[in-house]
Amino acid sequence: MPTPSLNDWNVSYSIITFFERALRAHSKVMNVTRTRDISFEVDLTNGGRINVLIVDEYTLGLAALHRAVDEFPETEFIVTGGNWNGYTIEAKDWGTAHDLGVFNLEEFLGALNWTEPKKYYKKDSNGNPTYAYR
């Protein structure tokens, strides 16, 4: 019997469902609709709606970011897999310049608590911004 193939982005079903469960459990999320396998519409408790794409890139780079925006133009946030994943400085800077939130999972869940989630960043013990650069 053949093994089921992954989607074009090689995001496993376990990552997709883990992400969906994390969203549904978040206190700022009212409803989650999976629209295109790895794309989600998320209704927030403040009445807003955001479009999120989940990928599984250990290091999300600029080329993958451009591909994602081309294939999923409605995307407002790109989240890369788990907390062990990250992104390049160039990808984060490009996302910021083009009003696109680029986060790993932990950062994104934190961003949902902010009034302007695309501007979210974690802080170190001294209050300085930290990012999941790889």
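The values are calculated or read from the model by the stated rules, or taken from the named source; none is laboratory data. Everything numeric here is computed off the predicted structure, so don't read it as measured data. We place every Cβ from the backbone using ideal geometry, glycine too, and count neighbours over all the protein chains shown. These area figures cover heavy atoms from the full protein model, side chains too; ligands, DNA and RNA do not enter into them. Shrake-Rupley method; radii C 1.70, N 1.55, O 1.52, S 1.80 Å.
Points to keep in mind about this one:
- Restriction of the GluC sites (Glu not before Pro) in the range 48-132 to DSSP coil positions whose beta-carbon has at most 14 other beta-carbons within 10 angstrom yields E74.
- One entry in (1) 22, 18, 14; (2) 35, 18, 15; (3) 33, 16, 14 is semi-axes √(5λ) of the Cα gyration tensor in Å calculated from the shown coordinates; its label is (1).
- Carbon/sulfur fraction of accessible area - the range 73-134, other protein chains in place, 1.4 Å, %: 50 percent
- Taking every DSSP helix (H) stretch of at least 4 residues in the chain, weighting each as -39,500 (n - 2.57) and dividing the sum by the residue count yields a mean residue ellipticity at 222 nm of -8500 deg cm²/dmol.
- Carbon-plus-sulfur accessible fraction, the range 1-68 (probe radius 1.4 Å, protein heavy atoms only): 52%.
- Solvent-accessible surface of the range 74-134, taken per residue with a 1.4 Å probe and all protein chains present: 51 Å².
- Electrostatic dipole magnitude of the chain [Cβ: Lys, Arg +1; Asp, Glu -1; Cα centre; debye, to 20]: 400 debye
- Within the listed set G47, G61, G86, the residue fluctuating most in the Gaussian network model of the chain (springs between alpha-carbon atoms under 10 angstrom) is G47.
- Loop sites by DSSP among the chymotrypsin sites (Phe, Trp or Tyr not before Pro) of the chain, restricted to those with at most 15 other Cβ atoms within 10 angstrom, leave 1-57 as the longest stretch without any of them.
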